[in-house]
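The values are calculated or read from the model by the stated rules, or taken from the named source; none is laboratory data. All values reported here derive from a predicted model rather than from experimental measurement. No Cβ is skipped: glycine too gets one built from the backbone with ideal geometry, and neighbour counts run over all protein chains shown. The accessibility values were calculated without ligands, DNA or RNA, using every heavy atom of the protein model including side chains. Shrake-Rupley method; radii C 1.70, N 1.55, O 1.52, S 1.80 Å.
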Amino acid sequence: MNNATTYRFSFGPWNISEGGDPFGPDVRAAFPHEQKFALYRPLGFEGVQFHDDDVVPGLDKLTPGQISQKTCEVRAMLSNQGLTPEFVAPRLWFAEQTVDGAYTSNNATDRAYAWDRTQKCIDIAEALGCKAIVLWLSREGTYIREAKDAKLAYQRLLETVNRMLDYNKQIEIWIEPKPNEPTDHAYVPTIGHAIALAYASKDASRVKGLIESAHALLAGLDPSDEMAFALAHDKLGSVHLNDQNGLKYDQDKNFGGANLRVAFNQVRVLEQNGYGQRGEFIGLDVKAIRTQRGCPVTDHLKNSRELFLHLVEKVRSVDHNLVRQFQEARNYEALELYILRHLLGVK
Ligand code: XLS
Ligand code: MG
């Protein structure tokens, strides 16, 4: 067993006070972006996940000089607040040019925009002192299969990864798979797809994955097994813990909020494989319950972190000898009852 890991936590500014009910009136006021950073440390978080335009709002309209000046200001702010940037992700789904995909768009001008934006994102990450670039390949997919040449799309994704590796020799690329939404089918739906891209790239050691619990569940997979697959290849760059109640819209529920046992098994796989001992963050990508009142709303972050730590205790206090005995005897009924009782705190 490893020495006990001291976990450190991260989230992105988009996790605060957004996600109000999209079908009716606002249920809570938006909280100013610039004021979110002061909330991190009191909530027990030290890592900040960024999109490129979370660092430099409106970057498409700014000059390189303005982008670098704003990035320097953010870097100083982070250091004053005792915060670490965990990653920067190019937001490649909001602009008009990315409506039909970014790197896999059929339109050459739109693909050129995506590449230009990616270079800016990498430059921002470097100026921020952060080496990880997350690729959530949001619109790299289709609503109808005939819309794109899927094989060409995969080649374009691989070309982009290689171009990024060439563009900056220090960065790591963490691919975040998701099977659908906003597209009907995405080209990189699971961690297996992401890791295949990593191995096909020109520097596999710098291409890893980021696993979001809800995304794995939307693919009909168990997030803990997805994490184990990445860990077995030493390719788990980070995690986005949250939860999802079945196959429906991407819910970003509180970690453990829908299925405590699925959450337990994610913590189990991370804890038992020493995740976090090389500084990896426990990232949360949770949104407040849509109809929750208040401003700023941050309890979902505090509570998900707390739940994670409770589950760490549950994992550490499992009777491993007993589990081994049940495994050896192939007594899975007894094993299941033991785990459920352990989770419930019943002897
Ligand atoms: C959306 C993604 C996004 C990424 C970063 O579902 O999870 O939040 O983590 O681009
Ligand atoms: Mg995510």
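Is at least one residue of the stretch 47-60 small (Gly, Ala, Ser), loosely packed, with under 13 Cβ neighbours inside 10 Å, over 20 Å from the mean Cα position of the chain (by Cα) and not in a loop (DSSP other than H, G, I, E, B)?
In the first step, residues of the stretch 47-60 are kept if they are small (Gly, Ala, Ser); the result is 47, 58.
The next check asks that each one be loosely packed, with under 13 Cβ neighbours inside 10 Å; those that pass are 58.
Of the ones still in play, those that are also over 20 Å from the mean Cα position of the chain (by Cα) are 58.
Filter once more, so that each one left must be not in a loop (DSSP other than H, G, I, E, B): none.
No; the residues of the stretch 47-60 include none that is small (Gly, Ala, Ser), loosely packed, with under 13 Cβ neighbours inside 10 Å, over 20 Å from the mean Cα position of the chain (by Cα) and not in a loop (DSSP other than H, G, I, E, B).
Only residues that are open to solvent by 60 Å² or more (accessible area, probe 1.4 Å) and over 16 Å from residue 298 (Cβ atoms): list them for the stretch 1-33, please.
1, 2, 3, 4, 6, 8, 22, 23, 25, 26
Within the group 154, 187, which residue is touching a residue at least 60 places away in the same chain (Cβ under 8 Å), buried (at least 16 other Cβ atoms within 10 Å of the Cβ) and more than 23 Å from residue 78 (Cα to Cα)? Break it down stepwise before answering.
Values: 154 fails: touching a residue at least 60 places away in the same chain (Cβ under 8 Å).
Matching residue, one of 154, 187: 187.
Among the residues of the stretch 12-60, which ones are within 16 Å of ligand 1 (Cβ to nearest atom) and modelled with pLDDT under 90? Give the derivation first.
Filtering the stretch 12-60 down to residues within 16 Å of ligand 1 (Cβ to nearest atom) leaves 12-19, 22, 33, 36, 45, 47-57, 59.
Result: 17, 18, 19, 22.
If a residue has to be in contact (Cβ under 8 Å) with a residue 24 or more places away in the chain and touching a Lys or Arg at 6+ places or on another chain (Cβ under 9 Å) to count, how many in the stretch 21-47 make the cut?
Qualifying residue count, the stretch 21-47: 9.
Assuming residue 137 fulfils every condition listed in (1) in contact with a strand residue (DSSP E or B) (Cβ under 9 Å, 6 or more places away or on another chain); (2) more than 20 Å from residue 240 (Cβ to Cβ) apart from one, which condition is it?
(2)
How about the stretch 108-138: which of its residues are open to solvent by less than 10 Å² (accessible area, probe 1.4 Å), under 12 Å from residue 160 (Cα atoms) and within 16 Å of ligand 2 (Cβ to nearest atom)?
Passing the criteria: only 135.
In the stretch 161-182, what count of residues is obtained for those that are crowded, with 22+ Cβ neighbours inside 10 Å and under 12 Å from residue 136 (Cβ atoms)?
Residues meeting the conditions: 6.
Name the residues in the stretch 139-151 that are small (Gly, Ala, Ser) and buried (at least 20 other Cβ atoms within 10 Å of the Cβ), would you? Write out each step before concluding.
Just the residues of the stretch 139-151 that are small (Gly, Ala, Ser), to begin with: 141, 147, 150.
Answer for the stretch 139-151, where residues must be small (Gly, Ala, Ser) and buried (at least 20 other Cβ atoms within 10 Å of the Cβ): just 141.
Residue-wise test of (1) under 22 Å from residue 198 (Cβ atoms); (2) modelled with pLDDT under 95; (3) polar (S, T, N, Q).
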position	(1), (2), (3)
64	no, no, no
68	no, no, yes
71	no, no, yes
83	no, no, no
88	yes, no, no
98	no, no, yes
137	yes, no, no
145	no, no, no
